[in-house]
Amino acid sequence: MTNPSLAVLGAGSFGTAIATALARGGNPVTLLCRTPAQSAEINDAHHNPRFFPGHTLSPLIDATADLDAVIGRDMLFLAFPSKVMDEYAGRIAAGGKPGGTVVNLIKGLHPHHFTFADLFEKTAPTTRYVALKGPTFSRPLFLGEWSGMTCGADNPADGARVTALFGNSALAIDTVASASSVDIASALKNVYAIALGLVGSTGPSENTTFMAATLVIKELRAVLGSLGCHPDVLWSFAGVGDILLTGLCDPSRNRTIGLMMGKGIPIDLVRSDFVAEGVRAVDALEAHLGEVDTPLLDAVAEVLHGRAGPAHIFDAFSR
């Protein structure tokens with residue numbers, strides 16, 4: 001069987017890290033860069049100095065700034081900001097390989113279609129959609145430290161083809177037979193990371209920290225069930241694994257939002273250079289949830305919309 005042709009759309013920190021993991025698996029891969037200057041740096045010097053200064057990229061990685069040069073590849077790994085997903089989905093629908101695969105690494109929800117799986121089903125119905133997400137910060141992944149991700153695919157054969165690419169890459173991958181369930185779980189963890197950041201801003205004891213984390217997991221189970229998600233997703237890397245990483249580790253952007261708000265530090269929640277998927281996910285989740293009781297999610301929404309102060313998160317513990 002011929003190896004699939006691969007491209008990673010987005011040469012930021014995570015796109016570069018996933019390209020490196022693919023190269024460790026023995027796969028040639030092209031990074032789509034934002035500028036010709038960045039692609040030239042990667043091709044000429046095998047460096048991506050803005051994100052990984054001092055590190056040499058695999059010779060199996062090359063780069064381009066021309067989307068048309070890679071859009072027809074067998075597999076496209078999506079690693080660009082979520083706010084431009086509509087634009088790229090349209091380009092893939094128009095110029096992508098018929099029956100090709102998109103592997104979505106982006107965490108968030110769509111304002112109109114809810115999940116990115118739904119967006120591609122409607123926008124590019126001949127494209128095979130796979131969600132690959134989990135508790136993975138980009139730097140450890142880039143450096144080859146063991147990491148975990150969940151491959152969500154409605155067709156198990158599609159998921160198996162993606163998983164097979166990462167042999168010898170120090171990446172443990174579990175599977176869920178539902179791409180939209182992985183999309184939803186990965187977006188929920190961003191919201192609950194803000195909640196745990198709000199708690200963390202008070203300098204809590206271990207008792208309080210892990211009480212809050214346990215309540216988050218309980219509420220996550222209820223929300224996933226209410227949204228009809230696959231039962232396996234809760235205990236996957238993209239479920240509890242990502243909640244624990246994103247909610248309890250300070251490098252997390254969304255935990256940082258909670259920490260800063262709780263400490264009264266001014267923060268612009270919509271700055272393009274401070275991407276926080278959890279902020280945009282709250283309204284989408286609240287609009288799709290039914291009667292399920294979600295005190296923590298409700299509290300985060302109240303705080304983010306300025307209807308309550310950060311300490312309101314503690315009111316959710318007794319509901």
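Laboratory data are not the source of any read-out in this text; all were calculated from the coordinates shown. These figures come from a predicted structure and were not determined experimentally. Cβ atoms come from the backbone with ideal geometry, glycine included; neighbour counts cover every protein chain shown.
Listing for the model above:
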{"item": "Part-to-part distance (alpha-carbon centres) for the range 27-41 and the range 60-116, which is given in Å", "result": "15 Å"}
{"item": "Mean separation of Cα contacts under 8 Å (6+ apart) over length of the chain, as relative contact order %", "result": "15 percent"}
{"item": "Peptides 131-142, 221-232 ordered by average Cβ neighbours within 10 Å, highest first", "result": "131-142, 221-232"}
{"item": "DSSP beta bridge pairing in the chain, given as percent antiparallel to the nearest 5", "result": "15 percent"}
{"item": "Per-peptide average of other Cβ atoms within 10 Å, ordering 237-247, 102-112 highest first", "result": "237-247, 102-112"}
{"item": "Given charges at beta-carbon only (K, R positive; D, E negative), |dipole| of the chain in Debye", "result": "360 debye"}
{"item": "The chain - mean residue ellipticity at 222 nm from DSSP helices (-39,500 (n - 2.57) per run, n ≥ 4, rounded to 500)", "result": "-13000 deg cm²/dmol"}
{"item": "Square roots of 5 times each gyration tensor eigenvalue, C-alpha, the range 280-319, largest first, Å", "result": "17, 14, 6"}
{"item": "Simple spin-label estimate for Cys249 and Thr214 in nanometres, 7 Å along Cα-Cβ", "result": "2.4 nm"}
{"item": "At least 24 Å along the helix axis (C-alpha) and Kyte average at least -1.0, DSSP helices within the chain", "result": "179-200, 206-226"}
{"item": "Extended-chain gain in nm, criterion 0.36 nm per residue less alpha-carbon gap, Phe317 and Asp68", "result": "84.5 nm"}
{"item": "Shape category assigned to the range 6-178 from the gyration tensor of Cα positions, a/c cut at 1.5", "result": "oblate"}
{"item": "Residue exposure sequence - Trp146, Trp235 - by fewest surrounding Cβ within 10 Å", "result": "Trp146, Trp235"}
{"item": "Taking only Cα atoms of the chain, radius of gyration then Dmax in Å", "result": "19.3, 59"}
{"item": "Filter on Lys122/Lys218; Lys83/Lys189; Lys133/Lys263; Lys83/Lys263; Lys83/Lys218 - keep pairs with C-alpha separation over 25 Å", "result": "Lys122/Lys218; Lys133/Lys263; Lys83/Lys263; Lys83/Lys218"}
{"item": "For the range 181-318: rounded, prolate or oblate by the Cα gyration tensor [a/c cutoff 1.5]", "result": "rounded"}
